[in-house]
Each structure stands twice: as C-alpha cells, then as structure tokens.
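Chemist: Starting off with a structure, shown below.
The values are calculated or read from the model by the stated rules, or taken from the named source; none is laboratory data. Being a predicted model, the structure only gives us computed values, none of them experimental. Glycine also receives a Cβ, built like all others from the backbone with ideal geometry; neighbour counts cover every protein chain displayed. Calculation scope for accessible area: heavy atoms of the full protein, side chains included, ligands and nucleic acids excluded. Shrake-Rupley method; radii C 1.70, N 1.55, O 1.52, S 1.80 Å.
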Amino acid sequence: MKIAEIFYSIQGEGTLAGVPSVFIRSSGCNLRCSWCDTPYTSWQPEGEEMPIPDVIEKAGQTGARYAVVTGGEPMIAKGITELTEGLRLAGMHITIETAGTVDAEVACDLMSISPKLRNSIPHGVWAAQHNRLRIQPGVLKRLMARAPEYQLKFVVTQPEDLEEIREILSATEAEPGRVILMPEGTTPEKLRSKALWIAELCKSHGYRYGPRLHVDIWGDKRGV
Ligand code: SF4
C-alpha cells in the first residue's frame, strides 16, 4: 500500500474527537477537492510502498487502541481489506475516513463518510471527473450499512450548502443525528469565521457541529 504517513495523535474530528489514535494515511485519491487539506495524497501524491504487515506493526508500536485509516481515499488503496482485517486482529478499534465514492470489503467499527459538496469542485481538467464521482447515493448507503456505526461529515463553506446536504440525506435516508457540519479551513481563524452560522444551522436541523481539534491545537501542520 502506498503510505503517505503514519503518526500518533488525537482524533480531531467527528464523534471520536479527542481520542488518542494512530493515523494511517494512504496516498492516492479519485477526487480533487479545490480545498483539499492533504494535497500530498491527491494533487501531488507522495509516499512509499509499504507491505501491509509493516504498516500494522508500525501502527501497533504506537500503543494506540484506536486506528484511523484515512487518505487520500483509503477505499481505493491496494490491500485495504488485508490492512483493516489485520488491525482488527491486533485488537484495534477501526475508523475509516472516506469520501464515500467507493465501496470495498473492510473491517470497520466507525464508517466516517465525508461526501464532497459542490463547494469542492476544482477548476481545470479534474472538474468533470470530480463532479461525476463525488456523490453516489447507492455507494453511500452501502457504506453506511457496512459498519456498526456511521457518521456523515460535511465540509461547509457557505449557508447555501445546506440545500445540497438535504438532498443527499433524502437520497440516503441518513439520520440527522449522524450528520456533522464542519467549517472549511486549515487555520483556527478561518474555522472561527464560519462557526456562528454553522452552529445556528445545527440548532435548526438537529445536526452536530464538528470542531477540528487538531487545527485548534497545532494549526496548519502535517502529521498531527
Ligand atoms: S477526497 Fe479528501 S483527499 Fe481526496 S481530494 Fe478531497 S479532501 Fe483531498
């Protein structure tokens, strides 16, 4: 599997925010979000090929009980089934962070899906592929059913994003209580600038407000 980085930190997003976790970040993505916060896994993919047993061993050496398999898009990473089954055998709780455009056989405790809204469409040659792939209700429903728990994290940039979110929830029959709205941004200032209107949307619709603790704590840094 092509691995961009493996590091021990705290989960910054979603229902497990604050939980010490080892992050296994695969490199390679089928989308190209305009605001991608890990361009070294998508626009300019970096990393090295690692045998799956070595990935599991390195993750285990951190002592973490929670593993976050992320990317890039981990569901297209070569060996994703073997990796997640190995992490389960090692006794870890497994979160998979995916954009929700590809389904695969995986061992998973929390399927953390972040469907990409229109606000993610880039300019240029990637625009058409990105827009064609980014929302697939059938795949989203299969992923939601693949693990005991799921969450839908939406990166929002403007109040108008709500309309598209509601269309997706209607097409997938997702529960509002599993929906998390996260401000787009990689600095505490940028996140805070969107916080008030997002909090009001959450209050009106029963969604959760999604902080990004790693940005609050460490700022715009890689490997944290
Ligand atoms: S799906 Fe994730 S990794 Fe891929 S381009 Fe979008 S934000 Fe980046």
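Chemist: From (1) part of a helix (DSSP H, G or I); (2) in contact with a Pro (Cβ under 9 Å, 6 or more places away or on another chain); (3) within 18 Å of Ile180 (Cβ to Cβ), pick out the condition that doesn't hold for Leu152.
Modeler: Among (1) part of a helix (DSSP H, G or I); (2) in contact with a Pro (Cβ under 9 Å, 6 or more places away or on another chain); (3) within 18 Å of Ile180 (Cβ to Cβ), Leu152 violates only (1).
Chemist: Mind checking which residues of segment 1-31 are open to solvent by less than 60 Å² (accessible area, probe 1.4 Å), of a type outside the set (Val, Ile, Thr), assigned to a strand (DSSP E or B) and away from the ligand (no atom under 14 Å from the Cβ)?
Modeler: Phe7, Ser9, Ser21 - these are the residues of segment 1-31 that are open to solvent by less than 60 Å² (accessible area, probe 1.4 Å), of a type outside the set (Val, Ile, Thr), assigned to a strand (DSSP E or B) and away from the ligand (no atom under 14 Å from the Cβ).
Chemist: Same structure, new question: Can we say Glu73 is open to solvent by less than 50 Å² (accessible area, probe 1.4 Å), within 16 Å of the ligand (Cβ to nearest atom) and of a type in the set (Asp, Glu)?
Modeler: yes
Chemist: Select, from Leu133, Leu87, Leu143, Leu117, the only residue that is in contact (Cβ under 8 Å) with a residue 12 or more places away in the chain and more than 15 Å from the ligand (Cβ to nearest atom). Quick ask: steps written out before the conclusion?
Modeler: Numbers: Leu133 fails: more than 15 Å from the ligand (Cβ to nearest atom); Leu143 fails: more than 15 Å from the ligand (Cβ to nearest atom); Leu117 fails: more than 15 Å from the ligand (Cβ to nearest atom).
So the residue among Leu133, Leu87, Leu143, Leu117 that is in contact (Cβ under 8 Å) with a residue 12 or more places away in the chain and more than 15 Å from the ligand (Cβ to nearest atom) is Leu87.
Chemist: Just give me the residues in segment 67-82 being out of contact with any Asp or Glu (no Cβ under 9 Å at 6 or more places or on another chain) and under 29 Å from Glu184 (Cβ atoms), in sequence order.
Modeler: Of everything in segment 67-82, those that are out of contact with any Asp or Glu (no Cβ under 9 Å at 6 or more places or on another chain) and under 29 Å from Glu184 (Cβ atoms) turn out to be Ala67, Gly72, Glu73, Ile76, Ala77.
Chemist: When only residues in segment 32-46 that are in a loop (DSSP other than H, G, I, E, B) and over 19 Å from Met182 (Cα atoms) count, which is most open to solvent (accessible area, probe 1.4 Å)?
Modeler: Step one: of segment 32-46, the residues in a loop (DSSP other than H, G, I, E, B) are 32-38, 42-46.
Those still in the list that are over 19 Å from Met182 (Cα atoms) too: 42-46.
Working: Ser42: 4, Trp43: 94, Gln44: 118, Pro45: 64, Glu46: 85 Å².
This residue is Gln44.
Chemist: Scan segment 98-109 for residues that are buried (at least 20 other Cβ atoms within 10 Å of the Cβ) and in contact (Cβ under 8 Å) with a residue 60 or more places away in the chain and jot them down.
Modeler: Across segment 98-109, the qualifying residues are Ala99, Thr101.
Chemist: Pairs, please: C-beta under 8 Å, at least 6 apart or cross-chain, first residue aromatic (Phe, Trp, Tyr) and in segment 187-202, second open to solvent by 50 Å² or more (accessible area, probe 1.4 Å)?
Modeler: What qualifies is Trp197/Pro159.
Chemist: Mind telling me which of the residues Asn131, Asn119 ends up being under 25 Å from Pro39 (Cβ atoms), open to solvent by 40 Å² or more (accessible area, probe 1.4 Å) and either part of a helix (DSSP H, G or I) or among the aliphatic types (A, V, I, L, M) (or both)?
Modeler: Asn131
Chemist: Report, by residue number, each residue of segment 47-66 that is more than 16 Å from the ligand (Cβ to nearest atom) and in a loop (DSSP other than H, G, I, E, B). Talk me through it step by step, then tell me what you get.
Modeler: So in segment 47-66, the residues more than 16 Å from the ligand (Cβ to nearest atom) come out as 48-66.
Hits for segment 47-66 are Met50, Pro51, Thr62, Gly63, Ala64, Arg65.
Chemist: Of (1) within 16 Å of the ligand (Cβ to nearest atom); (2) among the charged types (D, E, K, R); (3) in a helix (DSSP H, G or I), Arg222 satisfies all except one. Which?
Modeler: (3)
Chemist: Here's another thing I want to ask about it. Just give me the residues in segment 157-180 being within 16 Å of the ligand (Cβ to nearest atom) and either assigned to a loop (DSSP other than H, G, I, E, B) or under 14 Å from the mean Cα position of the chain (by Cα) (or both), in sequence order.
Modeler: Once the filter is applied, which keeps residues that are within 16 Å of the ligand (Cβ to nearest atom) and either assigned to a loop (DSSP other than H, G, I, E, B) or under 14 Å from the mean Cα position of the chain (by Cα) (or both), segment 157-180 yields Thr157, Ile180.
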